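Structure record follows, encoded as structure tokens.
The values are calculated or read from the model by the stated rules, or taken from the named source; none is laboratory data. Quick caveat: nothing in here was measured; it's all calculated off a predicted structure. Cβ placement follows ideal geometry from the backbone for every residue including glycine, while neighbour counts extend to all protein chains displayed.
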């Protein structure tokens with residue numbers, strides 16, 4: 001399993017780097033739409049969301065990303081309309097009020113959790129493709145360091161009720177991996193960051209990616225599944241690979257705003 005994970009990573013990561021860095025930003029938008037739709041389908045499969053609400057929310061999620069790309073100032077207004085559409089659809093398609101909140105919760109959380117969080121990556125890409133590389137490389141470095149240090153040194157569990165395999169040592173590894181990768185990318189790719197900003201971003205991404213990972217683990221344990229899907233051999237589903245970045249993207253965008261890098 002470990003060799004399979006490593007082989008897939010060696011094959012896919014250079015292709016993703018070239019795709020993000022050297023193709024126009026609309027290609028990243030198309031990639032993000034694809035990732036969003038697949039991740040939402042994985043989420044809805046976990047929670048057995050079927051029928052019209054499922055397809056409506058896939059359309060709404062795609063609409064949120066499209067608005068974020070073409071008219072980001074309208075995103076908050078469109079989000080309100082999306083919530084109204086889900087509520088009204090549940091009212092119309094089922095005549096009974098019983099289990100209405102349960103029927104609405106899964107579809108609506110899927111829209112808020114995946115495409116809404118992903119929309120921040122569109123804004124990061126607008127600042128430059130290097131920020132997307134920075135986001136995912138730092139998240140995945142934090143995740144990899146957490147895995148190896150946790151596996152080798154981990155004894156005390158971090159949050160066993162949600163994720164039995166995660167340890168405190170692994171969490172420390174996430175901070176170390178995120179910080180080391182952030183500092184390296186500051187030197188190689190993003191010289192406008194100073195060392196203190198890079199170190200701070202690495203630490204924050206190390207922390208927030210753990211939270212994003214635990215949130216998805218919470219959903220998976222609630223739904224009774226191990227992985228969101230098996231679409232990536234040895235790695236699980238698309239949602240499994242972006243769970244940390246879903247949370248780290250908005251945080252990174254907010255921090256760049258604080259640093260005065262967004263005009």
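Points to keep in mind about this one:
- Inside the range 142-164, residues that are in contact with a strand residue (DSSP E or B) (Cβ under 8 Å, 6 or more places away or on another chain), over 12 Å from residue 176 (Cβ atoms) and surrounded by 13 or more Cβ atoms within 10 Å (Cβ to Cβ) make up a count of 4.
- Top-ranked residue of the range 115-139 - restricted to ones that are under 16 Å from residue 216 (Cα atoms) and touching a residue at least 60 places away in the same chain (Cβ under 8 Å), ranked as surrounded by the most Cβ atoms within 10 Å (Cβ to Cβ): 139
- Matching residues, the range 39-60, being surrounded by fewer than 18 Cβ atoms within 10 Å (Cβ to Cβ), touching a helix residue (DSSP H, G or I) at 6+ places or on another chain (Cβ under 8 Å) and part of a helix (DSSP H, G or I): 51, 52
- Residues considered: 112, 74. Of these, the only one that is within 17 Å of the chain's Cα centre (by Cα) and surrounded by fewer than 19 Cβ atoms within 10 Å (Cβ to Cβ) is 112.
- Counting only helices (runs of 4 or more DSSP H) that fall entirely inside the range 164-263 and contain at least 1 residues that are at pLDDT 95 or above and closer than 15 Å to residue 113 by Cβ, the qualifying elements are 195-223, 238-258.
- Scanning the range 208-235 for residues that are out of contact with any helix residue (DSSP H, G or I) (no Cβ under 9 Å at 6 or more places or on another chain) and without any contact (Cβ under 8 Å) to a residue 12 or more places away in the chain yields one hit, 230.
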